[in-house]
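Before any comments, here is the structure.
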Amino acid sequence: MHRTNFIVREPLLDPKQRVLGYELSWQQHDGRIPTDQDLEGLVGFVAEHVNHEDHGWLLRDKILFLDAVPAMLSTDALHALPPERTVLTFDIRQLTDLDVRSAVQAVRAGGVGVAIRGCDINLLGRNLSPYASYLEVRFTGANVADQARSYAAAKHSALRMVGRPVGTWADFDACAALGLDAFVGKLHLTPRPGNPVKGMNPTQSIILQLMQLVQNNEDVPKLESVLKRDPALTYKLLRYINTAGFGAGREVQSLRQAISLLGYAPLYRWLVLLLATASASGYSPVLMETAVVRGRLAELLGQKYLGKSEAENLFVAGMFSLLDRLLGLSMQEVLDTIQLPDGVVQALTRREGPYGPYLALAEACELNSNLVASLADALAITPSEVNQAHLSALAWAQSVAVDA
């Protein structure tokens, strides 16, 4: 199914704005609703690409929510996923069958999470905990807080409640205050309001200066002198170089040695990551993680067709595409602070030039946009290639979240 369908994702947030996990679903190449066989195929494809034989679960603490059908309960691929990181979502109507209910109870006993959607509010007070660990509730119209209050009042204590769509931070706050446990919406593209601080903090200013020095191919001592102004930045670089094993079995303690071992291109890439993740204003954790995934996905999509060096520019374009929101600035203000290649600027401002279409495709995958298929077709990228790159980017984002 990965040869004709595209994986799209939506993040789930917990009440502290952290990314609890991702809901992955198929988007048909021709726009049709996925079949039962398609949904079974999604489990197999995900298991193959995010549960490594040697390294285990590549998404660290993230939980995956997958649309499910009864036939999926007996598929071998389900057993290849860690049960504590897997949640299958069923429509309540599927549980009217006694055999299905028994099968659901069996996977629940094995530790797999189960979410139920389509549940009428009058049923919420009943004991659904033998069959479900999560209940999905849908909000309609503008009175999200009132609806959330009704759902929270009917909530069974043993179940976690997922609200969707939660499209504003005001609605998020209302739902969190009422005890809902997880939230799905477009908050991953919306800066958290209320913080008046905008622009670069001191650390980011130093990072920006270092990026310019690297771009200008300045000598190592000059880079070293700038790095020394920020002890925390120095510590992060030394920790990164030693964690990543660049020291070839010996601890690197010298900044000059660290820069030399890393090289200018990887150093620039690391600084791009830090520029986004060092933000202290106008952002939420999910926005930061989205930027990392988008940058890596855009890069992977272009590697085969543009070459490695060009793909590096795609990574920068993907990361910088959310930097305006992370910094609370306009995109033009961001571009005024750093010199970027013309192709990157075209991608950031108009989604045009050599990198624009790849960036647009990476964005479409996170928006559940119906443009995914047409954008991939225009770039001659197959659904399988898009899907592998997507899951790889998700896994990579988890691996750099701690080390950046």
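The values are calculated or read from the model by the stated rules, or taken from the named source; none is laboratory data. These numbers come from a predicted model, not from an experiment. Neighbour counts run over all protein chains shown; Cβ positions are idealised from the backbone, glycine included. In case anyone asks, the SASA skips ligands and DNA or RNA and just uses the protein heavy atoms, side chains included. Shrake-Rupley method; radii C 1.70, N 1.55, O 1.52, S 1.80 Å.
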Checked region 48-87 for anything at pLDDT 90 or above and in contact with a Gly (Cβ under 7 Å, 6 or more places away or on another chain); matches are Lys62, Ile63, Leu64, Phe65, Pro83, Glu84, Thr86, Val87
Taking Phe45 as meeting all but one of (1) of a type in the set (A, V, I, L, M, F, W, C); (2) touching a Gly at 6+ places or on another chain (Cβ under 6 Å); (3) under 25 Å from Asp377 (Cβ atoms), write down the number of the exception. (2)
Among the residues listed as Leu297, Leu314, Leu301, Leu326, the single one being touching a Ser or Thr at 6+ places or on another chain (Cβ under 6 Å), in contact (Cβ under 8 Å) with a residue 12 or more places away in the chain and surrounded by 19 or more Cβ atoms within 10 Å (Cβ to Cβ): Leu326
Apart from one, (1) surrounded by 21 or more Cβ atoms within 10 Å (Cβ to Cβ); (2) out of contact with any Gly (no Cβ under 6 Å at 6 or more places or on another chain) all hold for Arg108; the odd one out is (1)
Could you check region 376-404 and list, in sequence order, the residues that are open to solvent by 10 Å² or more (accessible area, probe 1.4 Å), in contact with a Leu (Cβ under 9 Å, 6 or more places away or on another chain), in a helix (DSSP H, G or I) and over 27 Å from Leu275 (Cβ atoms)? Ala378, Glu385, Gln388
If you go through region 349-367 one residue at a time, do you hit one that is closer than 27 Å to Val19 by Cα, touching a strand residue (DSSP E or B) at 6+ places or on another chain (Cβ under 9 Å) and open to solvent by 20 Å² or more (accessible area, probe 1.4 Å)? yes
Residue set Glu23, Glu84; condition open to solvent by 40 Å² or more (accessible area, probe 1.4 Å), closer than 30 Å to Thr190 by Cα and touching a residue at least 24 places away in the same chain (Cβ under 8 Å); output residue Glu84
Exactly one of these conditions fails for Thr277: (1) closer than 30 Å to Phe6 by Cα; (2) at pLDDT 85 or above. Give me its number. (2)
Are there any pairs with C-beta distances below 7 angstrom linking a residue in region 221-236 that is in the same structural domain as Ile207 (by the TED database) to a residue that is open to solvent by 60 Å² or more (accessible area, probe 1.4 Å) and not charged (D, E, K, R), with the two at least 6 apart or on different chains, and if so which? Val226/Gln209
In region 127-165, anything within 15 Å of Asp14 (Cα to Cα) and open to solvent by 60 Å² or more (accessible area, probe 1.4 Å) is listed as Arg160, Pro165
Quick one: which of Arg60, Arg93 is part of a helix (DSSP H, G or I) and open to solvent by 10 Å² or more (accessible area, probe 1.4 Å)? Arg93
Quick one: which residue in Arg229, Arg239, Arg256 is open to solvent by 60 Å² or more (accessible area, probe 1.4 Å), more than 22 Å from Asn313 (Cα to Cα) and not in a helix (DSSP H, G or I)? Arg229
